[in-house]
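For reference, the structure discussed in these notes is given below.
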Amino acid sequence: MEEHEVYPVIGAEGFERLVAAFYRQIPDDDVLGPMYPVQDLQGAEQRLRDFLIYRFGGPPSYIEQRGHPRLRMRHAPFPIGQGARDRWVQLMDRALDEASFPDEVHQLLRAFFAAMATFLINRPGRLLEP
Ligand code: HEM
C-alpha cells in the first residue's frame, strides 16, 4: 500500500476518528498537555487532521489554510526530547488501536508517525550529558 492510497480507504471520517482519539488524551497528559493550547484544542485537532488528510491522498485544505507544512519549523517552539517524542507516539498508538483500521493502513500510519516524531526531536534527550 502507498501513502496516497490511505485516504481512499479510511476517508475524512477515519482521520477524524483517529485525531479525536489522540486529542482526547492530551488535556490529562502530564508531558504533552502543557504544550498544547488549552483554549484552542479544537483548532489543533483540525490542523493535524487536515494535514494528515492532505499527506495521505485527500483534499489539500491544510495547504490552502496553512501553506507549506514546515513541520520542523512549526515545532521549534515546543521542547521535543526523546521523552516527549515517545509519549506522543504512545498516545498515537493508542488512538490507532482505538480506530481499528485495516491492518495495512494501521501499520503504514504507525511507521509514519514513529519516523516523523523522531524527525521532530529538537532538544537533547539527556540534558546532563556533555
Ligand atoms: C514528537 C512529538 C510531538 C509533539 C510534542 C508535538 C506537539 C505539537 C504542538 C504543541 C502543536 C501545536 C498545536 C496547534 O496549535 O496546532 C503541534 C502542531 C502540529 N503538529 Fe505536532 N507534535 C509532535 C509530533 C508530531 C508529528 C509526528 C506530526 C506528524 C504527523 C505532527 C504534526 C503536527 C501538525 C500538522 C501541527 C499543526 C501545524 C500548524 O499548521 O500550525 N506533530 N504539534
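Using θ = phi - 60° in the Karplus curve 6.51 cos²θ - 1.76 cosθ + 1.60, the 3J(HN,Hα) couplings for region 72-80 round to 5, 5, 5, 8, 4, x, 9, x, 9 Hz; x is entered for Gly and Pro. Measuring nothing but how far apart in sequence close Cα pairs (under 8 Å, 6+ apart) lie, relative to its length, the chain scores a relative contact order of 33 percent.
Seen from all directions on average, the chain presents a Cα convex hull projection of 8.3 nm². What the Cβ-Cβ distance of ASP103 and ARG24 gives, at R0 = 22 Å and to the nearest 0.05, is a FRET efficiency of 0.40.
Taking the helices alone, the chain has a mean residue ellipticity at 222 nm of -19500 deg cm²/dmol, built from -39,500 (n - 2.57) per DSSP H run of at least 4 residues and averaged over all its residues. Scoring 93-105, 41-53 by mean Cβ neighbours within 10 Å over their residues and listing the highest first yields 41-53, 93-105. Look at where the Cα atoms of region 3-24 and of region 89-123 average out, and the two centres are 12 Å apart.
Our coupling estimate for region 43-60, obtained by passing each phi through the Karplus curve with A = 6.51, B = -1.76, C = 1.60 and θ = phi - 60°, is x, 4, 4, 5, 5, 5, 4, 5, 4, 5, 4, 5, 5, 10, x, x, x, x Hz, Gly and Pro reported as x.
Rule-based calculations on the coordinates, nothing more; no lab input. This is a predicted model, so every value here is computed, not measured. All Cβ positions, glycine included, derive from the backbone under ideal geometry; neighbour counts span all protein chains shown.
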